[in-house]
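Engineer: Sharing a structure, written as structure tokens. Questions coming.
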Amino acid sequence: MKNTLYIFALSIVLFSCKESKTEEALVKDDKSIMVTVQQFKSSAMEIASPTEQDFEVTIKAAGKIDVPPQNRAKVTTFVGGNVKSTTLLVGDKVTKGEALLTLENTEFLDIQKDYLEVAEKIKYLKSEYERQKTLFDEKITSQKNYLKAESDYRVAKGMYQSLRAKLSLLNISPSNVEKGILTSIITIYSPMSGDIVVMNSNVGMHVAPSDTMLEIIETDHLHLELNVFEKDILKVKVEQDINFTVPEATKEVFNAKVHLVGKSIEGNDRTINVHGHLDDKMKQRLITGMFVEAAIVVDSKKGMAIPTEALITENNKNFVLLLNEEKNNSYFFKKVAVKIGEKSEKYVEIISSDQIDSSSKILIKGVFDMAN
């Protein structure tokens, strides 16, 4: 008797589970998807007709975050040397005139020695030139002696000025050299304020004149550099809005404005450069060199739209669930292919479908559960 009761109870449980599972399942066939009223309510589904919405007409473009050439500095030296000291790393902020590193080279001593010799020599040559000029004016000496004294003085003066300028470029004080204070170490100073983005200098390494020791950018001048195709460029105007994303970093949409439009077509891809200005608050969050995908807003229009969540995308094709009929406490939906147009944050434009118009009933909530 106990066994009989056990089997009966188990049968009831199995039947109940099977019935519950059937109740929760969505019935699909090749033509339609059926959902009961109870399923519709429990999944918080909603049905609505397409509505007229305002859409931005945009042009797609790609590019990167960059800075103008005048806000980027590559630090080099015109006389090579070995890196004596540096404490900087990529990402460090520096100010204009700040010491970046020191270089050591005996060639620096040679330049100072040559300058010191010329500086001492030029005093005598100047005095001799003035003496010969006076004698020549009084017709006491020959023109030959006067011209030779003038030539020697002018050559020495040119050498003096050249070496003095070279010392200034090396950040060596000419007045110290004239006092006999010579050094084999020079200091390289920052030509601008900004962030270090490239650091190619280690203590002890040799730096040649053609080498970039480090690179500095002014992040306050970050901007967009976009490449727009030739077929679209005539629609782009200064002050138009730009919406862009950094797909490798975030899905957030950033904003900018068209500031300059290029006047020549570049490269084999037939594109024109468009320069965009960023909001100041945004610059602190972006990094030079970031790849961006952008949409330049060139116009606006009205269009028949559905909520973005109502759209199903499969294999690069788009569909919606159209209410076909309602009977027997059930809804029957048909999967209809649509062609989409512009997109906004909440809506997507339907631009082509023989089966959908403004009176159509479309599933706008709960679509994900129905499509999977």
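The values are calculated or read from the model by the stated rules, or taken from the named source; none is laboratory data. Computed from a predicted structure; not experimentally measured. No Cβ is skipped: glycine too gets one built from the backbone with ideal geometry, and neighbour counts run over all protein chains shown. We work out accessible area using only protein heavy atoms, side chains counted, and drop any ligands, DNA or RNA first. Shrake-Rupley method; radii C 1.70, N 1.55, O 1.52, S 1.80 Å.
Engineer: Can you tell me which aspartates and glutamates have their Cα less than 17 Å from the Cα of residue 157? Leave out same-chain residues fewer than eight positions away.
Structural biologist: 114, 117, 120, 128, 130, 178
Engineer: Next question, about the same structure. Would you work out which of 62, 101, 332 lies farthest towards the positive end of the dipole of the chain, given +1 charges on the beta-carbon of Lys and Arg and -1 on that of Asp and Glu, about the Cα centre?
Structural biologist: Farthest towards the positive end: 101.
Engineer: Something else now. With no solvent and one point per C-alpha, what does the Debye sum give as log10 I(q)/I(0) for segment 67-181 at q = 0.14, 0.23 Å⁻¹?
Structural biologist: Normalising to I(0) and taking log10 leaves -0.74, -1.23.
Engineer: Relative to the longest principal Cα axis of the chain, at what angle does helix 2-24 sit, 0 to 90 degrees, rounded to 10?
Structural biologist: Between helix and principal axis, roughly 60 degrees.
Engineer: I've got another one for you. So what's the projected area for segment 230-332, the Cα convex hull averaged over all directions, in nm²?
Structural biologist: With every direction weighted equally, the projected area is 11.2 nm².
Engineer: Compare 294, 337, 149 in a GNM of the chain, Cα atoms joined below 10 Å, and give the one with the largest fluctuation.
Structural biologist: 149
Engineer: Roll a 1.4 Å probe over the protein chains and send me the accessible area per residue for the chain in Å².
Structural biologist: Accessible area per residue: 62 Å².
Engineer: Here is a further query. Subtract the Cα-Cα distance of residue 325 and residue 87 from 0.36 nm times their separation in residues, and report this length gain in nm to one decimal.
Structural biologist: On the way: separation 238, 0.36 × 238 = 85.68 nm, distance 7.45 nm.
Fully extending the segment from residue 325 to residue 87 adds 78.2 nm.
Engineer: Amide H neighbours of residue 351 under 5 Å, at least 5 residues apart or on other chains, H built in the peptide plane: list them.
Structural biologist: Hits under the 5 Å cutoff: 339, 340, 341.
Engineer: How high is the FRET efficiency from residue 137 to residue 179, r the C-beta distance, R0 30 Å, rounded to 0.05?
Structural biologist: Efficiency, from the Cβ-Cβ distance: 0.25.
Engineer: How far, in degrees from 0 to 90, does helix 143-169 lean away from the longest principal axis of the Cα atoms of the chain, to the nearest 10?
Structural biologist: 30 degrees
Engineer: Whole angstrom only: what separates the Cα centroid of segment 56-115 from the Cα centroid of segment 171-187?
Structural biologist: 22 Å
Engineer: With an 8 Å Cα cut-off and a minimum separation of 6 or more residues, compute the relative contact order for the chain in percent.
Structural biologist: 27 percent
Engineer: Next question, about the same structure. Through the Karplus equation 6.51 cos²θ - 1.76 cosθ + 1.60, θ set to phi - 60°, convert the phi angles of segment 67-78 into ³J(HN,Hα) values in whole Hz; use x for Gly and Pro.
Structural biologist: 10, x, x, 6, 10, 10, 10, 9, 8, 10, 9, 7
Engineer: While we're here: Does anyone have the angle between helix 106-137 and the longest principal axis of the chain? Alpha-carbon axes, 0 to 90°, nearest 10?
Structural biologist: The answer is roughly 40 degrees.
Engineer: Average the reciprocal distances over every distinct pair of alpha-carbons in the chain, invert the result, and give the Kirkwood radius in Å. Each step should come with its number before you reach the end.
Structural biologist: Details: mean 1/r = 0.0346 Å⁻¹.
Averaging 1/r across every pair of different Cα atoms and inverting gives 28.9 Å.
Engineer: Size of the dipole of the chain about the Cα centre, Lys and Arg at +1 and Asp and Glu at -1 on the beta carbon, nothing else charged, in debye to 20?
Structural biologist: Charge dipole of the chain: 540 debye, to the nearest 20.
Engineer: First compute the accessible area of the chain with a 1.4 Å probe, then give the percent of it belonging to carbon and sulfur atoms. Write out the running numbers ahead of the final one.
Structural biologist: Numbers: 11880 of 23090 Å².
Roughly 51 percent, rounded to a whole number.
Engineer: Please list, ordered by chain and number, the residues whose modelled amide H lies under 5 Å from the amide H of residue 318; skip anything fewer than 5 residues away on the same chain.
Structural biologist: 338
Engineer: Amide H neighbours of residue 207 under 5 Å, counting only residues 5+ apart in sequence or on other chains, H built in-plane at 1.01 Å?
Structural biologist: The answer is 81, 82, 83.
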